[in-house]
Amino acid sequence: MSATKRQRAGSPSTSSPPRGEPSAPPRGASPTRRERRASSDQGRAHRDRARPPTASRAHDDAAPQAPTQTSEPSEPAPVARVSPAALRIEDLVRLLRAVGSARAEEHLVRADLDAGAPVNADGTINLMHYAAWQERLG
């Protein structure tokens, strides 16, 4: 054996791994089909593993408890969405104020309703009908 071959055989960079252990692929090489399949199987095993019971399931047998009162004020109820097809008088006035209308007073809107402005059967006001009625009056 030449000196170069002996040097290579003893160097750790080119020594082969012990039998039964896979060798590392060269840099930049893509994984082999066997390696991809093995990693895929590991992923499946992880997904199929049984999940531990959640805390809510663990306390199902516990006696029901009354909600506790806190000293902090509770959050205000969320504001209901306003439908332009069914506005209450207060909502219409608020909307008119937001757009800078000169008729943004509740008593003026009530006067319009008394004068014949269109109203829904439930007493709400359709914004489009009200605006068209206002435009017709000129």
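A short reminder: the numbers here are calculations on the coordinates, not readings from a lab. These figures come from a predicted structure and were not determined experimentally. Heads up, the Cβs are rebuilt from the backbone with ideal geometry, glycines too, and the neighbour counts pull from every protein chain shown.
Key figures for this structure:
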| read-out | value |
| --- | --- |
| Theoretical gain in end-to-end length, ARG36 to ILE89 [0.36 nm per residue, Cα-Cα removed] | 12.3 nm |
| Simple spin-label estimate for ASP122 and GLU105 in nanometres, 7 Å along Cα-Cβ | 3.0 nm |
| Distance between modelled label sites at ARG97 and ALA115, nm, 7 Å Cα→Cβ extension | 2.2 nm |
| Dmax and Rg, reported as Rg then Dmax, of the range 89-137 (C-alpha, Å) | 9.9, 28 |
| Dipole magnitude of the range 89-137 about its Cα centre (Cβ charges: Lys, Arg +1; Asp, Glu -1), debye to nearest 20 | 160 debye |
